[in-house]
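The values are calculated or read from the model by the stated rules, or taken from the named source; none is laboratory data. Since we're looking at a predicted model, the values are computed, not measured. Neighbour counts run over all protein chains shown; Cβ positions are idealised from the backbone, glycine included.
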DNA sequence: GAGTGGTCTAGACCACGGT
DNA sequence: CCGTGGTCTAGACCACTCC
């Protein structure tokens, strides 16, 4: 069942095993094996069991009650996305659509005050600025303006940009691994010029998004301003009470 | 420094102590004490230290590098809200405003199919439906329609509703502790009737929000539909790469 | 090789919920 | 009272980074 000498941590293997166990044996709100029972059944320490159970709780598979036990949550079926996906490509795939990106422009320029501030670089430093129109099945979904520091991405070209999604290009071509991305968004209406780009009437509902992406080294590797069709983007978030 | 026999868990105390230590002694990106150094300095086990450090990492105070050490993140200054607050009251306080709520209506009725589905109750079951206009310093911010199951909240009255925020009323008067809330939201524009209620022109940008709140017992205790001024609500979320 | 974070063990005591 | 999850210990070995 569990491979003790695998390169995959035991608690990680245990997660998969327990998910399988739940699916095969238990229904919603039924009582799960106790922590000590799991220790015996799979011959691991309680620390390992609790590490696995904590992740399962975060994932929504189970919930715990002090003094009573652990129970199957029955919520994991509905909660597909809850905005795990932060890339356009992933979002579209979750919506069951085929994403497409057209690179409208790519230029190298010196950072002005605004760009410098949001990319965390010095004013005057070289940066790339690109504009992209993002579609799904012939519907124009979103228009993005992205800034990235030039020194992290030498010799960036449109053909490279078009070869793969940005969030694959970062790690694969430039060894920049993403740690997390912060997004701010708010409702707005389309201005005239934007409405032309998206093929919608001016004044249509839209979502404006500002995204800052950080590398594993805690450097900002991307700052993007987006405007997205209001009728196509529904964000889902879960607020957990501590 | 740490009280070993406090009712507060050691790792929880340690979190506060370490935050203080960081603020007093370290700047951004500086190297933090190693885990084993913290063990010695505060006389606790490494398990306890790691529990505290994991929370600090989630909070954004520090980041770890395998083989190198733990470092101060320097991001905890900016990231105030990131939508931790899911109640209107908390959100307004974070924005430095004084929230006010006017209960427009409160009625008890039988759940129709729509309400039954979203509250997870049977059709025909008694539910409360309330409408509330929410303001901050004389600006009308958001209009909410809320459904809650009646059997969980016997003898609910407008005066009770007006006495405290809903999310205080749940635990304090009805012993209903909140576990988490799921929100969906998307951009839209105000319809005529809504525009009157919020005192804005029809066609103004707005955010439409659907919220489902769950109790510790995994029951739905609230379903709310909101429409909020687009120019006043900015949501922030962090997508962590796993 | 020395130091770091990552994983894991075996065992202990506590606080809570039910009998 | 017993079984549950919550906290904590002391110690072990591994994988990674840097010298």
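May I ask you to list the residues in segment A:125-162 that are free of Cβ contacts under 8 Å to residues at least 40 places away in the same chain and surrounded by 12 or more Cβ atoms within 10 Å (Cβ to Cβ)? Before you say what the answer is, go through the steps one by one.
Kept after step one, since they are free of Cβ contacts under 8 Å to residues at least 40 places away in the same chain, are these residues of segment A:125-162: A:125-132, A:135, A:138, A:151, A:153-155, A:159-160.
Hits for segment A:125-162 are A:125, A:126, A:127, A:128, A:129, A:130, A:131, A:132, A:135, A:153, A:160.
Output the residues belonging to segment B:125-147 that are under 16 Å from residue B:231 (Cβ atoms) and part of a strand (DSSP E or B).
Restricting attention to segment B:125-147, the residues satisfying the condition of being under 16 Å from residue B:231 (Cβ atoms) are B:134-143.
Within segment B:125-147, B:134, B:135, B:136, B:139, B:140, B:141, B:142, B:143 meet the criteria.
Can you tell me which of B:167, B:186, B:180, B:214 is within 11 Å of chain A (Cβ to nearest Cβ) and in a helix (DSSP H, G or I)? Spell out the reasoning first.
On the way: B:186 fails: in a helix (DSSP H, G or I); B:180 fails: in a helix (DSSP H, G or I); B:214 fails: in a helix (DSSP H, G or I).
Of B:167, B:186, B:180, B:214, the one residue that is within 11 Å of chain A (Cβ to nearest Cβ) and in a helix (DSSP H, G or I) is B:167.
Pick out the one residue from B:171, B:154 that is in the same structural domain as residue B:103 (by TED's automatic domain parsing) and within 18 Å of the chain's Cα centre (by Cα). I'd like the intermediate steps shown before the answer.
Numbers: B:154 fails: within 18 Å of the chain's Cα centre (by Cα).
The conditions single out B:171.
So if I check each of B:230, B:199, which one is away from chain A (no Cβ under 14 Å) and touching a residue at least 24 places away in the same chain (Cβ under 8 Å)? If you could, list the steps in order and put the result at the bottom.
On the way: B:230 fails: away from chain A (no Cβ under 14 Å).
Only one candidate qualifies: B:199.
For segment A:189-203, give me each residue that is assigned to a loop (DSSP other than H, G, I, E, B) and surrounded by fewer than 20 Cβ atoms within 10 Å (Cβ to Cβ). Can you show your working first?
Applying the first criterion (assigned to a loop (DSSP other than H, G, I, E, B)) to segment A:189-203 yields A:190-191, A:199-203.
Matches in segment A:189-203: A:191, A:199, A:200, A:201, A:202, A:203.
May I ask you to list pairs of residues, at least six apart or on different chains, whose Cβ atoms are under 7 Å apart, with the first in segment B:28-39 being on the phi > 0 side of the Ramachandran plot and the second being at pLDDT below 95 and within 12 Å of DNA strand D (Cβ to nearest atom)?
What qualifies is B:29/B:71.
Output the residue which, of all residues in segment B:13-65 that are away from DNA strand C (no atom under 12 Å from the Cβ), more than 14 Å from every other protein chain (Cβ to nearest Cβ) and part of a loop (DSSP other than H, G, I, E, B), is nearest to residue B:237 (Cα to Cα).
Selected residue: B:26.
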